[in-house]
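Here is the structure we will look at, set down as C-alpha cells.
Quick note: the coordinates plus some simple rules give every number you see, no bench work behind them. Note that the structure is predicted; figures quoted are calculated from it, not measured. Please note: Cβ atoms are built from the backbone with ideal geometry, for glycine as well, and neighbour counts cover all protein chains shown.
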C-alpha cells in the first residue's frame, strides 16, 4: 500500500530551509536583476466552468512533466472544535484508493509510469504532486481526477490511517523544535485556527478513529474544484494539456460550503512559555511576533520578512557575533511564513550553554529594538533584494522545482502571476518600508518568548523586558555638545574623555593608551576590524584615537552623504567594542614595539623629550610615557582593558564637538549613538602633578651608537592657560624659539649664525610628536607643563 512517506515536513527541516533562505536574502550582490517578471515562462491559464483553475507552463526542459495540485485546505480550515488535524489526515487518506482504482491498482499505474509522487500539508493548503515522463500525462491526469472525485475508503482503513497519524505526531513530538513550535502557537493564539499546528491538537488526533463520519463531511466540503488548481509544467503543449484536464475533470461538481475562519483578537500582552525536555538536548530560545498576512501586491509582509532576514540571517552582524565569533549558539534563524491570515514571525537560536539563554534572548531583543529605531542601509537592502531574486532564479533548475515553487504561491489567488507580483513588491521595498513594518509588528504586546531545555535555565528568563529598555535613551542622556557649523560637506566630530595615562594604575602603565587602541582598532562586537575597514573604505570614513596624559579623544570624519551608514559602522567600535583576544595580542605587541623600537631605539629626539618629562615628573601620573613602560604593558590583561573601558568611557564622561555642514538630525543621531555608552560619571579626577625642581644643574646622558645627538632641557612650570601670565609667557616663548620658526632667536643664533645644528625651539606646553608636525594636535590639555628647549641634532 502506498503512503506519502516524505510528505510530513518536520519543523526542524523547515527551519533548515529557512536558514538557507536567510542566507540568500542577505548575501551581497554587485548588480541586482531589476525589472520584468522573475518567472520567465509563458503560462497558459484557464478557469473551467466548475471553478477548477488550470495553469500550464512549458518549462523548456525535455521529456518530463510535473503535475502539482494545490488545494486551498490546510489546518487553517479546521474550524470545528475537536476536529483539528483533518487536513493533514486527508493527505494520507487520498492514497487509499477509489472503486475504479483501489490502492494497489493506483500504485501499479504510478509505478509503471516511473513517477515520483508525494504530498504535503501546511496551514493553508494541501499539495499533491507527481513527476513523470511526458507520454504519461493523460494517464496521470485520469487517475488523479478519479481519486479527487471518487475517494472511497472503508472504516477499517480509516482507523488504520488515523493510528498512523498518531504515530506521526508521536514521532514529531520527539523533535524538540517541533514541540517548541506547538507550544509557541498555542500561547500566541486564543481564537484563530493557527493555534494548532498542521498535525492538530493531540486530544483530537487521539479521538480521530471515532470520526469516520466527519471525515466524509470534511472531504465533501473542501475537495472541490473551486478550491483547487492544477499546475502542469514541463515538456507540454498547453492546448492538449488543457483538453485532457477538461476531459477528466470537467464533471467534478462545484461545492457550496462556506467557512468563516475566526478572526484572532488583538494580542493580549507578551507571553512566555517553557518546555521542560525530558532527555538531554541543547536549549532553544525563540522570540515571535504577530506578522501580517500574505498579499502579493502589498509590501508589509515582504518588508517584515526582509527586515528580519537582514537582522538575523547568515550575513547579519548578530549571526556573526553569536555563531561565529562568540560561538554562544550553533543555530540562529528567522522565519516569516507566507500565510493567508496574520501569522507569527519567529526568531530563534539553539544555545550551547544554558547559562547563556538570557543573554541570547536579550541579544535578539536588542537587535529587534535597533531594527525599530534605525533603518537598514539602502546598500544592504539592495544587496538583499538581489540575493533573494537571484536565489529564487537559481532554484528553478528543473521542471519539478518550477512547479513546486509555483504551487507554494498559486494557492493564494489561484494565479500564475502571484509570484511575479510578490517579487515586484520586493523590488520596490525601501529602508523606510522595512522600518515601518518593524515598528508596526515588532511590539511588546504581540511578543511570544518560548524556551525549551533539559537543564534549568537562568533565573529571569521568564521575565520579559520591554523593547524600549534596549533602545538608546537619547532623550534623557545629557551631553556637552559644541556645534561649529560651516559649508564644508565633510563632517568631523571629536569625543573627549577625561581618561589618560595619568589614570594608569601602578604597574599597568600604558593601560589608557591600549584601551583606546582596542576601541578604535579591534572592531565592534558585530564586526571584526577588517570588516570595519572594508566597510569604511569606499566612503573614506575613519575613527581614530589619541591618548595623552589627561584625556583620550576619538575623532570621526565622514562626508555628510554617508553619515547614517558611517555611524552604524563606526560608533559601535566605541559603544559596543569587540575586545577579542587576537586583537588584544596584536595591539599590545604594537604598543610595546612603539615604545621600545619606535621611541627608545629609533627616535633619539622624541626619546630625549620623554626622558625629560619622566625625570621632572617622577613619582606622579606624568612620570611615564603615554605608551607606558615595558613592565606595565607586559602586565596588562584583556580583563584590565575591559575594566578600564567600563569606568572611563561612560555617558557622563564624554564631551562632544562636531563641525561641518551639520544638521540638527545629525547631532541628534550622534547623541542617540552616545546614549548607548555605559552610565556613569567616568574616572575620578587626577591631582595636579607637581614637577621636581632641580637642585642645580642635573644632566642625564643616554649613550647610543648614533650620529644624531639631541638635547632637551627644561624645568617645571606653574603657568598653564588659566594663569594670568600665560599670554605674556607665550609671547616670550614665541620670540625665543617658536616651533619650526626660522626667525626665532634660538634658531637665528645657533643654526643661522653658528651653523651648529638642524633646529632650536622653545615650549611652554607639551608638543608630543613635534618632529613630524608643524602644529600640535588639539586635545593635549595637561594640568602641569614644562618650560622646555629642544636642541635638534648636533654633531657629537
Longest principal axis of the chain (C-alpha) makes with the long axis of helix 726-737 (C-alpha) an angle, in degrees to the nearest 10, of 70 degrees
Extension length gain for residue 355 and residue 743 (0.36 nm per residue less Cα distance), in nm, is 132.7 nm
Among beta bridges assigned by DSSP with both residues in the chain, the antiparallel ones amount in percent, to the nearest 5, to 80 percent
For region 480-674, inverting the pair-averaged 1/r of distinct alpha-carbon atoms gives a Kirkwood value in Å of 17.5 Å
Fewest-first ordering of 140, 351 by Cβ atoms within 10 Å yields 140, 351
Within region 730-750, the residues whose backbone N lies under 20 Å from a label point placed 7 Å from the Cα of residue 756 along the Cα-to-Cβ direction are 733-750
Taking Cα atoms only, helix 664-674 is inclined relative to the longest principal axis of the chain by an angle, in degrees rounded to 10, of 90 degrees
Expressed in angstrom and rounded, the centroid-to-centroid distance over alpha carbons for region 258-288 and region 729-796 is 73 Å
Dividing the mean separation of Cα pairs under 8 Å (6+ apart) by the residue count of the chain yields a relative contact order in percent of 13 percent
Here, residue 487 and residue 430, labelled 7 Å along Cα→Cβ, have an inter-label distance in nm of 3.0 nm
Ranked output for segments 623-630, 577-584 by mean other Cβ atoms within 10 Å, highest leading, reads 623-630, 577-584
For the residue 105, residue 398 Cβ pair and Förster radius 30 Å, calculated FRET efficiency rounded to 0.05 is 0.50
For region 480-674 the mean separation of alpha carbon contacts under 8 Å (6+ apart) over residue count, i.e. relative contact order in percent, is 41 percent
Simple SL model, points at 7 angstrom along Cα→Cβ for residue 256 and residue 149; separation in nm is 2.0 nm
Proxy exposure order for 723, 92 (fewest C-beta within 10 Å first) is 723, 92
For 336-348, 154-166, ranked highest to lowest by mean beta-carbon neighbours within 10 Å, the order is 336-348, 154-166
To the nearest 10 degrees, the tilt of helix 638-648 (Cα long axis) against the first principal axis of the alpha carbons of the chain is 80 degrees
Taking the alpha-carbon centre of each part, the distance from region 473-531 to region 557-619 in Å is 11 Å
Matching label for the computed Cα extents along the principal axes in Å, out of [x] 90, 64, 50; [y] 78, 64, 55; [z] 120, 52, 47, is [z]
Taking R0 as 35 Å and r as the Cβ-Cβ distance between residue 734 and residue 582, the FRET efficiency 1/(1 + (r/R0)^6), rounded to the nearest 0.05, comes to 0.15
Taking r as the C-beta separation of residue 681 and residue 635 and R0 as 22 Å, the FRET efficiency to the nearest 0.05 is 0.20
At the level of C-alpha centres, the distance separating region 115-165 and region 669-701, in angstrom, is 79 Å
As a percent rounded to 5, the proportion of antiparallel DSSP bridges among beta bridges in region 266-471 is 75 percent
Counting every C-alpha pair in region 709-794, the percent lying more than 22 Å apart is 24 percent
Distribution output for region 266-471: share of Cα-Cα pairs per 10 Å bin in percent, first bin at 0, values 8, 32, 34, 20, 6, 0
Summing -39500 (n - 2.57) over every DSSP H run of at least 4 in the chain, dividing by its residue total and rounding to the nearest 500, the 222 nm mean residue ellipticity is -11500 deg cm²/dmol
Mean Cβ-within-10 Å packing, highest first, puts peptides 255-263, 447-455 in the order 447-455, 255-263
Pseudo-spin-label distance residue 293 to residue 46, built 7 Å along Cα→Cβ, given in nm, is 3.1 nm
The value for region 431-494 (convex hull of the alpha-carbon atoms, volume per residue, Å³) is 224 Å³
